[in-house]
Amino acid sequence: MFLVAGSAMIDILLVDDQKILLEGLKKVFEPVPDIAVCATCALAELAEEACLRYRPDLVLMDICMESRTSGIRICRRLKERFPEIRVVMMTGMSELAFVGWARDAGADSFIYKEAAGEAFLDCIRRTMAGEHVFPVIRGRDTFGAAEANLTERELEILQLICRSKSREEIAELLGISKRTVGFHITNMLEKTGHKSVVGLAVEAAEKGLTSAETQNECERDDTVFS
């Protein structure tokens, strides 16, 4: 079910199966003059219908919900059907791979649920202004005996390596040359002390940079809406 509210300069559709979170976000947006929640959805599969009916400017949606269709799958559909609508994905889980999945699905931005209210407002405004707001992962982005820090681009490439993407595929997905991909891989190996990309990928998987099991859970097929 979705509930309708008033309109404002930036109309937002909230999609999450946690009622407490929905109510909390609505309270964050209520005193803000340029942002309003036009509708809320507790089921991901209702997001398309809500977008068709209420035409929000932006959809703020959870990645994994207890419904037949994941937020990632719905994000792809929304961007295909309503390219003018901005989509911001959010999650309360620490899985690093979610950021990459959101990018791959066409999300405009990404934010963690534990972010402060001001961070949500900033993310929404910047996204509506045409920016793509994605977190720079900290804490678990050190690798090797030297605990080397990887750049955001290196983390993107490493994540794709963990997903068994070839250098050609990585170059195409990121819009860079194969030679540039090779440069980043060589740089990562030198910084971390790993002798091969396989060892680096194993460490990355152990730290949660990518998880096939989690991705499968969030990409469950649904026979009704596919």
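The values are calculated or read from the model by the stated rules, or taken from the named source; none is laboratory data. Since the model is a prediction, treat every value here as computed from it, not as a measurement. So basically every Cβ, Gly included, is an ideal-geometry build from the backbone, and we count neighbours across all protein chains shown. Just the protein is used for accessible areas: all its heavy atoms, side chains included, with ligands, DNA and RNA removed. Shrake-Rupley method; radii C 1.70, N 1.55, O 1.52, S 1.80 Å.
Things worth noting here:
Here's the yes/no breakdown for (1) modelled with pLDDT of 90 or more; (2) under 22 Å from residue 114 (Cα atoms):
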site	(1), (2)
1	no, no
9	no, no
30	yes, yes
48	yes, no
83	yes, no
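- Scanning the range 208-220 turns up no residue that is among the β-branched types (Val, Ile, Thr), open to solvent by less than 80 Å² (accessible area, probe 1.4 Å) and at pLDDT 85 or above.
- When residue 20 is tested against the conditions (1) touching a helix residue (DSSP H, G or I) at 6+ places or on another chain (Cβ under 9 Å); (2) free of Cβ contacts under 8 Å to residues at least 40 places away in the same chain; (3) open to solvent by 20 Å² or more (accessible area, probe 1.4 Å); (4) not charged (D, E, K, R), the lone failure is (1).
- Looking only at residues in the range 85-118 that are more than 19 Å from residue 158 (Cα to Cα) and open to solvent by 40 Å² or more (accessible area, probe 1.4 Å), the one that is nearest to the chain's Cα centre (by Cα) is 112.
- Helices (runs of 4 or more DSSP H) fully within the range 145-199 counting 1 or more residues that are among the aromatic types (Phe, Trp, Tyr) and more than 20 Å from the chain's Cα centre (by Cα): 178-192
- Evaluated against (1) touching a Lys or Arg at 6+ places or on another chain (Cβ under 8 Å); (2) modelled with pLDDT under 90, residue 66 falls short on exactly one condition, (1).
- Any hit, the range 106-116, residues being among the aliphatic types (A, V, I, L, M), without any contact (Cβ under 8 Å) to a residue 60 or more places away in the chain and outside any loop (DSSP other than H, G, I, E, B): yes
- Test for residue 192: is it open to solvent by less than 70 Å² (accessible area, probe 1.4 Å) and touching a Ser or Thr at 6+ places or on another chain (Cβ under 7 Å): no
- Residue 59 fulfils the conditions (1) out of contact with any strand residue (DSSP E or B) (no Cβ under 7 Å at 6 or more places or on another chain); (2) at pLDDT 95 or above except for a single criterion, (1).
- Restricting attention to the range 98-119, the residues being of a type outside the set (Asp, Glu) and out of contact with any helix residue (DSSP H, G or I) (no Cβ under 6 Å at 6 or more places or on another chain) number 9.
- Residue match in the range 32-54 (condition: of a type in the set (Val, Ile, Thr), in a strand (DSSP E or B) and free of Cβ contacts under 8 Å to residues at least 40 places away in the same chain): yes
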